[in-house]
Amino acid sequence: MECETPAVRAAEYGELRKEESEESTVRPLVFLITFTFICSGRSFTQGVEKEPAAVLELGSAAGQSLTEDQSNFGPTVAVEVTPVEDRLELEAGVTSLFRRHSTEWSIDLLFKKPWTLSDSVEFMLGIGPEWIHTNAFGTKMNSVGAEVAPDFMFWSSKRHRFGWYLEPSYEYKFGPGHEHSLGISGGLLIAIPHPHGHP
């Protein structure tokens, strides 16, 4: 049986103490790095502004027929959601236009591509179908059309809570007369936040 000398025992004891010292140094370092990453991740998440669940548009609209010398005016309301951020926005709206002896109701669904011009200015280009119900001189008529609409949105701050918009449009009706018309609408933007507890 081999007998260890005091020198060998001292060397082994020194190596053991060295390993324990390194381990006691590494553990707090790993804990500190992990804690830093967790805290930075939480701070980053809290610093990012959440997109609203939807945007409500309340305004007025005006239209001018290019095939008939007629113009009309009325209120408009729309709701806009973002199914694919920075790629696709959907807008569903209802507009009621009035002129003498005539009323027109339209419902449209626009597929929009957004571009962010600055922290408070956005531009979108939309295209989509439209359903139009017209009551002129007691004669009612339904028709389907297509609409192209660039949309400028101006927010009061980076938080995108309130703002205003301006949306010119071109409309083509597939019904009798194949009417072409130009329009413009504008009004208030009101962001609808996500329900409490939802991202």
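The values are calculated or read from the model by the stated rules, or taken from the named source; none is laboratory data. None of these values were measured; they are calculated from a predicted model. Don't worry about glycine lacking a Cβ; one is built from the backbone with ideal geometry, like all the others, and counts go over all protein chains shown.
Across the range 49-73, what is the number of residues that are within 11 Å of residue 179 (Cα to Cα) and assigned to a strand (DSSP E or B)? The total comes to 2.
In the range 128-153, the residues that are over 25 Å from residue 186 (Cα atoms) reach residues that are of a type in the set (Ser, Thr, Tyr) with C-beta atoms within less than 9 angstrom, at least six apart or across chains, in these pairs: 136/102; 136/103; 137/102; 140/134; 141/134; 142/134. Within the range 148-167, the presence of a residue that is touching a His at 6+ places or on another chain (Cβ under 8 Å) and exposed (fewer than 15 other Cβ atoms within 10 Å of the Cβ) is excluded.
So residue 159 fits all but one of (1) modelled with pLDDT of 95 or more; (2) under 25 Å from residue 87 (Cβ atoms); what number is the exception? Unmet condition: (1). Does residue 145 count as assigned to a strand (DSSP E or B), at pLDDT 95 or above and under 17 Å from residue 65 (Cα atoms)? Yes: the conditions hold for residue 145. Can you tell me which residues in the range 100-142 are of a type in the set (Phe, Trp, Tyr) and either assigned to a loop (DSSP other than H, G, I, E, B) or under 28 Å from residue 161 (Cβ atoms) (or both)? Correct list: 111, 115, 123, 137. Scanning the range 175-193 for residues that are surrounded by fewer than 14 Cβ atoms within 10 Å (Cβ to Cβ) and not in a strand (DSSP E or B) gives 175, 176, 177, 178, 193.
Just one of the listed residues (90, 29, 110, 66) is closer than 20 Å to residue 145 by Cβ and at pLDDT below 95, and it is 66.
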